[in-house]
Amino acid sequence: MDLLQGLKKGNKRAAAKLITMIENRTEGYQDVLKEIHKSSGKAYVIGITGPPGAGKSTLTDKLVKEIRKQDKKVAIIAIDPTSPFSGGSILGDRIRMNDLSLDPGVFIRSMGTRGHLGGLSVATKSAIKILDVYGAEYIFVETVGVGQSEIEIVKSADTTVMVMVPGLGDDIQAIKAGIMEIGDVFVINKADRDGANRTRAEIEMMLDFSNSEFKPAVKMAVAVDGKGINDIIDEIERHKEYLIKTDKYHHNRVTSAREEIVEIIKENITDKIFNDHLISSQLAELTQKVVKREIDPYTAGFNILKSIKL
Ligand SMILES: Nc1nc2c(ncn2[C@@H]2O[C@H](COP(=O)(O)OP(=O)(O)O)[C@@H](O)[C@H]2O)c(=O)[nH]1
Ligand SMILES: [Mg+2]
């Protein structure tokens, strides 16, 4: 297991290869994950989410550069649920983070939906684990906060930064419920544009209704010009201290570990159903019967469950 040794020594290529292995579910990938689990759990995971074009990549680039001044090793995972590609893709992000990728202390990786049938969040959690063992002290996960799997991804972050832009108006209403529970730090990026103060007031008003113990701050930023970056880092730090002080840090990790186990169970049961010939033919047969109203879907589903050998 040369790759594992390379990973533990902080070799970028080893980390990249292992993530690819996990994405493609190459034979032996589960052994890798089993092996590294005990050495993982040290990195601090920061989710960066918000609508497309809000400036998440630009902001991540600036935040990472600031953190790099402390000489801490950083990894960035950019998730694009709409992209079937992974590895070196997401051209725009590559360009925006071009000079960062030359920094030996920064690892950048894109992940698309290819390969992981509904398991993007499992694949992301595995990638986080790999980058943790690789030695990244901070792992940034950038994702568009829309679908269920993306929300699950941000839920596994220790601190989530919600990036908004001025004048979202109706959009804020639409995503209101979602963002309230997800964001730990709110950023109004593109504050160089009109309406930033109003958007801030709108978000602050919404946050006032929340009865959560931690009151997130709403910060202004102009990511392209590097404005507001230190403020955001301070807020991430404040949230981190809150988590540790209240023991939520540990509690969140318990929840996340439990979810991870459940996801692995689900994923493998699904695999069993779709890869087993007998079950597939039973499924085809029962489907016909359900269509003909000879049996109902519940009876069919439970019949199949009974014949799954775990
Ligand atoms: N005016 C303005 N444009 C910005 C700012 N931050 C980012 N942008 C631009 O917004 C566009 C989208 O940025 P990007 O970081 O790719 O957004 P993402 O899709 O959320 O990752 C790019 O053209 C950026 O240069 C900002 O603070 N002000
Ligand atoms: Mg981006």
Looking at the range 274-300 only, could you name the residues that are surrounded by 15 or more Cβ atoms within 10 Å (Cβ to Cβ) and closer than 20 Å to R25 by Cα? D276
Please indicate, with yes or no, whether at least one residue in the range 194-203 is loosely packed, with under 15 Cβ neighbours inside 10 Å and of a type in the set (V, I, T). no
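Every residue, every condition in (1) closer than 22 Å to L100 by Cβ; (2) within 15 Å of ligand 1 (Cβ to nearest atom); (3) of a type in the set (A, V, I, L, M), yes or no:
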| residue | (1), (2), (3) |
| --- | --- |
| K8 | no, no, no |
| A16 | yes, no, yes |
| N24 | no, no, no |
| S39 | no, no, no |
| K69 | yes, no, no |
Within the range 41-62, restricting attention to residues that are touching a strand residue (DSSP E or B) at 6+ places or on another chain (Cβ under 7 Å) and either within 24 Å of E267 (Cα to Cα) or among the hydrophobic types (A, V, I, L, M, F, W, C) (or both), which residue is farthest from ligand 1 (Cβ to nearest atom)? A43
Among the candidates I46, I36, residue that is away from ligand 2 (no atom under 16 Å from the Cβ) and at pLDDT 85 or above: I36
Pick out the one residue from A284, A221 that is among the small types (G, A, S) and under 26 Å from the mean Cα position of the chain (by Cα). A221
Search result, residues across the range 228-251 that are free of Cβ contacts under 8 Å to residues at least 24 places away in the same chain and either among the aliphatic types (A, V, I, L, M) or touching a Gly at 6+ places or on another chain (Cβ under 9 Å) (or both): I244
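The values are calculated or read from the model by the stated rules, or taken from the named source; none is laboratory data. Bear in mind the structure is a predicted one, so any value in this text is a computation, not a measurement. Cβ: placed from backbone, ideal geometry, glycine included. Neighbour counts: every protein chain shown.
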